[in-house]
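This report refers to the structure that appears directly beneath it.
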Amino acid sequence: MPGGRATGRLIRQEEDMEADSSATERAGFWAATGCAVLSLIYVVAQILEWQGLLGSAGGPSSVSTPAGMVVLLTPSLFLGAAFVIMMSALHQASVASKKVFSQAALSFAIIYATLISLVHFVQLTLVAPRLAAGDTRDIEVLLFVPYRSFLFAVDLLGYSMMSLSTLLAAFAVPAARGAPAARVFLLLNGALLPFLALQMFFPGLIAFAALWSVAFPAAAICLAGVFRQRLHATRRNADQPHRL
């Protein structure tokens, strides 16, 4: 019967929408969890680096050893991809009226990932092996020297883009338990933008920018909670019989 076919189509459409939502929330949860774990690994590595426990002279202005580069930059390299996926899921989950913010946040996340992936891949695959071999001829411009090198400036630009991305994302977090906390930490990370962008001129701003080590992991943890809560809600709705 025509009515029965129409009803069947509506049910299939609802099931497809629920499946799409479930995929979004699941991807968002795992990406946010990855962001939290990778950023915390980086924070621990950075503390060890500043304490001189990874072979450097210690402090934020010291040049890393090849081993220190591997420990510091490997989680940062993967963080770029995880952050883009997290922002992509947030864009999909945000309500239509807030998608201008989530789209902009995703765009700046892609810029961030592109910049830091370039810097960290070059350091890990070219600079670190050459440093370990004691041969830095012809690659001096690629050396990662805090506050005195081209790629350090690019790295700061990348993290400035991440900060801007989280600032915009704060206005697109969908309603869920834990959403207010996620917005607070995203805004806090976004407020670090000037302390990141101006560090080449004022290295002392690192004291304020270091709050990233709290704000970003906390924001990622809160977003993981938001996605998980929404995923559970989607599953509960899927378990309920369709009303015709």
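We did not get these values from a lab; they are worked out from the coordinates using the rules stated. None of the values given here were measured: they were computed from a predicted structure. So basically every Cβ, Gly included, is an ideal-geometry build from the backbone, and we count neighbours across all protein chains shown.
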>> So if each residue of separation counts as 0.36 nm, and I subtract the Cα-Cα distance between ALA132 and PHE202, what length gain in nm does that give?
In response: 22.1 nm
> Per the Kirkwood treatment, what hydrodynamic radius in Å, one decimal, follows for the chain from the mean inverse distance over all distinct Cα pairs?
Replying inline: 19.4 Å
> For the chain, modelled as a Gaussian network with Cα springs under 10 Å, which listed residue fluctuates most, GLY158, GLY80, GLY52?
Replying inline: GLY52
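Cα convex hull of the range 11-110: how many Å³ per residue? Before the final figure, lay out each step's value.
Working: hull volume 10.0 nm³, N = 100.
Expressed per residue, the convex hull around the Cα atoms of the range 11-110 is 100 Å³.
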>> What distance in nm separates the two pseudo spin-label positions at LEU187 and THR125, each 7 Å out from Cα along the beta-carbon direction?
In response: 4.1 nm
> Using θ = phi - 60° and the Karplus form 6.51 cos²θ - 1.76 cosθ + 1.60, what ³J(HN,Hα) does each residue of the range 212-225 get, whole Hz, x for Gly and Pro?
Replying inline: 3, 5, 9, 5, 5, x, 5, 4, 5, 4, 5, 5, 4, x
>> Residue by residue through the range 38-46, what is 3J(HN,Hα) from phi via Karplus (6.51 cos²θ - 1.76 cosθ + 1.60, θ = phi - 60°)? Round to whole Hz and write x for glycine and proline.
In response: 5, 5, 5, 4, 4, 4, 4, 4, 5
> Longest exposed-loop-site-free stretch of the chain, with trypsin sites (Lys or Arg not before Pro), DSSP loop and at most 10 other Cβ within 10 Å?
Replying inline: 1-136
